[in-house]
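Remarks on the structure that follows.
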Amino acid sequence: MALVTSKEMFAKALKSDYAVGAFNVNNMEIIQGIVEAAQQENAPLILQVSAGARKYAKPAYLTKLVEAAIIDTGVDICLHLDHGEDFDICKKCVDDGFTSVMIDGSKHPFEENIRITGEVVEYAHAHGVVVEAELGKLAGVEDAVNVAARDATFTVPEEAAEFVARTGVDSLAVAIGTSHGAYKFKGEPYLDFERLKEINRLIPDTPLVLHGASTVLPEFVALCNQYGGDIPGAQGVPEEMIREAVGHGICKVNIDTDLRLAMTAEIRRYMVEHPADFDPRKYLGPARDAIKGMVAHKIKDVLGASNKR
């Protein structure tokens, strides 16, 4: 039981037909729910921390909570920085004990993205840490990510092959139609599977990553709306589309919005049904259980990662 990199996880996934779930964490209850689900399903696990989460919870707290989860459950965990915006934050996370970092240079021109990514790869690899990069831009809003739909661009397969060859990056996040947040599509959901197949054909040994892959499960949206909220028109990625993407080189699937919805729905329900109760344990406990159930479903029924640890 240890903090590990994603290298072995992805090597196994590439040879099979499943993907590793990468779940964003912000506090103790979220970490507990996710890790208990992975333990139950005997699944490989990536816990990832965004810039917003680092600011909210502070790095020392998050890393120690992850270490505690390993001790408590015996689950090996890859601790990953999600959407690192520059070399400095990636270096800080490497120095803080993260085993994986993402450098997101997708906002820069192609050559600048290569330069920045190469610098991160050189430093991280020297410290035994793996690196994810991104090519193409996903639309949407989530934490520090804010890209208008008009600025979103799909990943060009030939550029992906050149990018991987020149940077030595360990995995690549690709843009094929997903977006960050709860509002992913206007009209019918669409992912460019032909583009994904071509990327996978050109770089078959590179694990591919699908960002913005929350399904926005309707039961949690309905609960949020029923108990005092209003999330109209939220539309995530259909689970069958995620399963199809996993069959074409996607080895890591990022999930954040579904965690937020599951937790918020249960907290809202408890507070409405028990308005006089002010014990945080009473509403955070059901929220943790909701996260555990949702993550177990993702691992088993969507990612196919049960018993793959």
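The values are calculated or read from the model by the stated rules, or taken from the named source; none is laboratory data. Model, not experiment: these values are computed from the prediction. We place every Cβ from the backbone using ideal geometry, glycine too, and count neighbours over all the protein chains shown. Heavy atoms of the whole protein, side chains included, go into the accessibility calculation; ligands, DNA and RNA do not. Shrake-Rupley method; radii C 1.70, N 1.55, O 1.52, S 1.80 Å.
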Which condition does Gly52 not pass, out of (1) out of contact with any helix residue (DSSP H, G or I) (no Cβ under 8 Å at 6 or more places or on another chain); (2) surrounded by 17 or more Cβ atoms within 10 Å (Cβ to Cβ); (3) modelled with pLDDT under 95, if it passes all the others? (2)
Going by the structure shown, is Ala296 open to solvent by less than 20 Å² (accessible area, probe 1.4 Å), of a type in the set (A, V, I, L, M, F, W, C), over 18 Å from the mean Cα position of the chain (by Cα) and at pLDDT 95 or above? no
Scan segment 130-142 and tell me whether some residue there is open to solvent by 10 Å² or more (accessible area, probe 1.4 Å), under 25 Å from Gly293 (Cβ atoms) and not in a helix (DSSP H, G or I). yes
Just to check your reading of the model, which residue among Ala245, Ala222, Ala276 is under 27 Å from His83 (Cβ atoms) and of a type outside the set (Asp, Glu)? Ala245
Residue set Ser100, Ser106; condition surrounded by 17 or more Cβ atoms within 10 Å (Cβ to Cβ), of a type in the set (S, T, N, Q), in contact with a strand residue (DSSP E or B) (Cβ under 6 Å, 6 or more places away or on another chain) and modelled with pLDDT of 95 or more; output residue Ser100
Can you confirm whether Thr117 is open to solvent by less than 50 Å² (accessible area, probe 1.4 Å), among the β-branched types (Val, Ile, Thr) and within 22 Å of Leu172 (Cα to Cα)? yes
Can you say whether Glu67 is crowded, with 17+ Cβ neighbours inside 10 Å, acidic (Asp, Glu) and either touching a residue at least 40 places away in the same chain (Cβ under 8 Å) or closer than 21 Å to Gly128 by Cα (or both), as far as the supplied structure shows? no
Criterion: out of contact with any strand residue (DSSP E or B) (no Cβ under 7 Å at 6 or more places or on another chain) and at pLDDT below 95 - qualifying residue of Arg269, Arg288, Arg281: Arg269
Among residues belonging to segment 204-242 that are at pLDDT 95 or above and either in contact with a Cys (Cβ under 8 Å, 6 or more places away or on another chain) or surrounded by fewer than 20 Cβ atoms within 10 Å (Cβ to Cβ) (or both), point out the one that is nearest to Arg260 (Cα to Cα). Val209
